[in-house]
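For reference, the structure discussed in these notes is given below.
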Amino acid sequence: MKTAHYARLELRRGANATLPYDPEPLLLEGLETLNLLVGPNNSGKSMLLRDIFRAEAPSFSIQEAPEREVLTQVTKAVDEINSVWPQEHQQYAQLPRSKLERLVAQSKTPARLCQPHWQKTRELLQQLAALNSPCHIGIRGRGDQIGQIPNHDALVGTARKHLATLQQASGIFEYAASQKRYYIPLLRGLRALEESGGDVYRARTMADYFQRMEGQAAVSVLTPRAQVFTGLDLYDTLKQKLLGRPAERERVRDFEQFLGRHFFKGKPWALIPLEGQRVVEVHFGGNDQRPIHLLGDGLQNLIICLFHVFTEADGCVFCIEEPDISMHPGYQRALIEAFLEKEQHQYFVTTHSNHMLDMTLDFSRVAVYACSKHGIEDQARFRVTAVSSPDRSLLAALGVRNSSVFLSNATIWVEGITDRLYLRAYLRRFLEEESKKTGESPPQEDIHYSFMEYQGSTIAHWGFEEGSSEERIGAEFLCATVFLVADGDVLEKPDRDERLRRELGERYLPLVCKEIENTLPEEVVREVLGEEFRKHGANAATIRRAEYSLPRTPLGTYLDRLLPNGATIYAAKSGTLLEHKKRILCREAVRAMSPGGIRWELPEDVREICRKICAFVKAKNA
């Protein structure tokens, strides 16, 4: 499986862009596996997406491990050639020293590597490696005197050595130049339009965006590897893959299993190109086959957006216009998870969905770019800004108001953001294990349940009994049925604890330990804090959950006690973690517990918390 992810993109108007960007050229940096383009209507999102789709691979910079190896070889080759190139010679065998000096300067920024830089380095190595005569031209201070230098063999030998290594490692660039790209426009669907003459959606998209006139003929501006996929040719594409090689059929099967697992309670699912009618039909569980266009619009849209994601083995670039159209927030979460699961691909997506924007906080490998338009129409300029974390200004740009939010059937109230992120990680592991045991599809966030953060002592302002109250806000008027998880220090406030028990009953769960951080698995805490402990002369192996999960044990104080010389780097005045330490621990711990992270197990007390939450969610979605 080949892959190439781009870390940086440069767009210049006229060369590979249609928008007048401010500043120009536009540099999109910090690109990730999934890249969301957001902004109000007419802010340039869709045109930017098309500019990205048209951009050629040499305008990209490459990231990821195989490319770093190429970068290492380029830098090493240039440095070694520079070290053996005689300093007194301005030119060697028709090769000017200025060319080498430019490559040396470029190699001093090793974070990213552009294909043109690599190509120039390879050209220099090829020229040097091909030299047979040990002559040089232009000895400094001696005019055009021609002579021999003693290290000619070393120079040529170094070039040949690195050229062989570089050639072996450089396939990523040839792949990037020929990488498949898919553009999925707003014009898409699965209803056959055969009587209209083929894929009319694709024809319209090509005519509008990706053709130029040469005389009286319309000519595509796309390379053969760039394809527009609308879904109308799903029948032919699916048939081709099912009649193809075993690996192609297996990838179709993988897609079918994904659909069955996420949307049909784990029932067997099949896509069937019905011979003679040129219609794709679906079959799941014990139901009869039915035409695919009888599925809900949201599911049809998801199939279009993900079909090639699952059926292309090698990494592709996907540019998708508003995939969230017709999709429930739960489907949008499944879409994001599928994008990040198939990480050999890279995705550029426009969206107006505040749900999709909010979900990016739960995933790594996602970048958000805000698009905006400035000035009047004829002189308008377009700006694209990388957003470090989605904020209210983006929600306002998407037109989101409080009345925009719909509610799931169950709401899990937690004290703050770290409680939410930790419980989400715990629930993901718990639900995966339960699903394997029972064969049932797990409940999904934003469909079956949602989280709500109540921010500590403000819980005193909420009432959970039926009816109104002048003293407290009635929670039942604002959200679905509540299951409240409280930090253990609530037990130190008997009046509040007693009221919550009375009003919520079994829907109230105070932690036995002081805070949610005290529930973390031992192996996760050791992994995250190991390096910092080593810097302070301590061993993270001394961290024991049996000690820090005890009631009334502040985690910050506990960790500081394990450090030598009375160091205090973790504890706030209350003994709990300093706020910035809490944020860092949460970010790294959630990453460690994510799929592909370290090996870890749910502690039994955490498993019991998950069991109670899931019983509540199941009861409210029955």
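The values are calculated or read from the model by the stated rules, or taken from the named source; none is laboratory data. Just so it is clear, the structure is predicted and the values come from calculations on it, not from any experiment. Positions of Cβ are generated from backbone atoms using ideal geometry, with glycine treated the same way; all protein chains shown enter the neighbour counts. We work out accessible area using only protein heavy atoms, side chains counted, and drop any ligands, DNA or RNA first. Shrake-Rupley method; radii C 1.70, N 1.55, O 1.52, S 1.80 Å.
Amide H to amide H under 5 Å from E32: which residues, 5+ apart in sequence or cross-chain, H placed 1.01 Å off N in plane?
A367
Excluding ligands and nucleic acids, what accessible area in Å² is computed for I272 using a 1.4 Å probe, to the nearest 10?
Spelled out: I272, probe radius 1.4 Å, area about 50 Å².
State, as an integer percentage, the relative contact order of the range 263-392 based on alpha-carbon contacts under 8 Å between residues 6 or more apart.
For the range 263-392, the relative contact order is 15 percent.
For the range 482-488, just list the computed ³J(HN,Hα) in residue order, Karplus coefficients 6.51, -1.76 and 1.60, θ = phi - 60°, integers in Hz, with x standing in for Gly and Pro.
9, 10, 10, 9, 10, 5, x
Could you compute the FRET efficiency for D314 and L186, with r as their C-beta to C-beta distance and R0 at 30 Å, rounded to 0.05?
0.65
Per the 1.4 Å probe, what fraction of the accessible area of the range 457-570, in percent, lies on carbon and sulfur atoms?
Roughly 47 percent of what the probe reaches on the range 457-570 is carbon or sulfur.
Tell me which residues come under 5 Å, amide H to amide H, from A4 once H is placed; ignore anything under 5 positions away on its chain.
Hits under the 5 Å cutoff: G315.
Give K436/K581; K2/K241; K180/K342; K241/K342 a once-over and call out the pairs whose C-alpha atoms are over 25 Å from each other.
Too far apart for the 25 Å limit: K436/K581.
Express in nm, to one decimal, how much length is gained between R212 and V512 on full extension, taking 0.36 nm for each residue of separation and deducting their alpha carbon distance.
The R212-V512 span can extend by a further 101.2 nm.
R50: net charge of surrounding residues, Cβ under 12 Å, Lys/Arg +1, Asp/Glu -1, itself excluded?
0
Can you tell me how the range 175-247 classifies by the Cα gyration tensor, rounded, prolate or oblate, using a/c under 1.5 as the rounded cut?
Note, shape of the range 175-247 comes out oblate.
Which of G285, I304, L271 sits farthest toward the positive end of the charge dipole of the range 268-316, with +1 on the Cβ of Lys and Arg and -1 on the Cβ of Asp and Glu?
G285
What does the C-alpha gyration tensor say about the overall shape of the range 487-622? Classify as rounded when a/c is under 1.5, otherwise prolate if a/b is larger than b/c, or oblate.
It is oblate, given that a/c is not under 1.5 and a/b is not larger than b/c.
Using just the C-alpha positions of the range 214-293 as equal point scatterers, what log10 of I(q)/I(0) does the Debye formula give at each q in 0.14, 0.18, 0.21 1/Å?
-0.59, -0.84, -1.04
Under unit Cβ charges (Lys, Arg +1; Asp, Glu -1), what dipole magnitude, rounded to 20 debye, does the range 526-622 have relative to its Cα centre?
280
Would you please classify the overall shape of the range 295-378 from the alpha carbon gyration tensor, given that a ≥ b ≥ c denote the square roots of the eigenvalues, rounded means a/c under 1.5, and beyond that prolate means a/b larger than b/c while oblate covers the rest?
Here the range 295-378 falls in the prolate category.
Using mean Cβ contacts within 10 Å as the protection proxy, how do 424-433, 571-580 order, highest first?
424-433, 571-580
Using amide H atoms built in the peptide plane, which far-off residues or other-chain residues are under 5 Å from F348 H to H?
N35, F318, C319, I320
What whole number of Å gives the distance from the Cα centroid of the range 270-308 to the Cα centroid of the range 487-532?
Cα centroid to Cα centroid, the span is 46 Å.
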